[in-house]
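The values are calculated or read from the model by the stated rules, or taken from the named source; none is laboratory data. As the structure is a computational prediction, the values presented were derived from the model and not from experiment. Using ideal geometry, Cβ is built from the backbone for each residue, glycine included, and neighbour counts are taken over all protein chains shown.
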Amino acid sequence: MTTPDPASAGLPPAGPATLADLVAAVCRFRDDRDWAQFHTPRNLAAATAIEAAELQERFLWKTDAEVDQDLADAAKRAGVADEIADVVMFAMLLADRLGIDLAEAVTAKLAANERKYPVKLARGNARKYTDLQEDSQSDA
């Protein structure tokens, strides 16, 4: 997959884009087309879910080995990347519409997850945090 010219996406020309740069570029894309009028929280949440479903569809009914094989194909991998980008961009637009700072929200969520999933209890398993807490209390 080739990397597009950052300037064509409204990004600064040098260095990696920050989260703030990306949000600004997505909002600029929306504003240049006068689409904010359609971007209600309900519609943006629905668009995010629909794009997530399109991402999920790429893997539907496939074994892990078939998914790995698909991802080794450059065109199929690019399609997955496009779907991920759609999900992220609609989430950015929803956060912008709601006045949520994504960096702050992600930082806060990571901190909450650190408390809910301490490494000594969560490492190597996929149990929900409530089950981890129950196990830790029963071991005491």
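Of note:
- Just one of (1) surrounded by 10 or more Cβ atoms within 10 Å (Cβ to Cβ); (2) farther than 24 Å from LEU22 by Cβ; (3) at pLDDT below 95 fails for ASN113. It is (2).
- Selected residue [without any contact (Cβ under 8 Å) to a residue 24 or more places away in the chain, of a type in the set (Asp, Glu) and not assigned by TED's automatic domain parsing to the domain that holds TYR129] from ASP34, ASP86, ASP96: ASP34
- Residues (more than 13 Å from the chain's Cα centre (by Cα), crowded, with 16+ Cβ neighbours inside 10 Å and hydrophobic (A, V, I, L, M, F, W, C)) located in segment 23-46: ALA24, ALA25, VAL26, CYS27, LEU44
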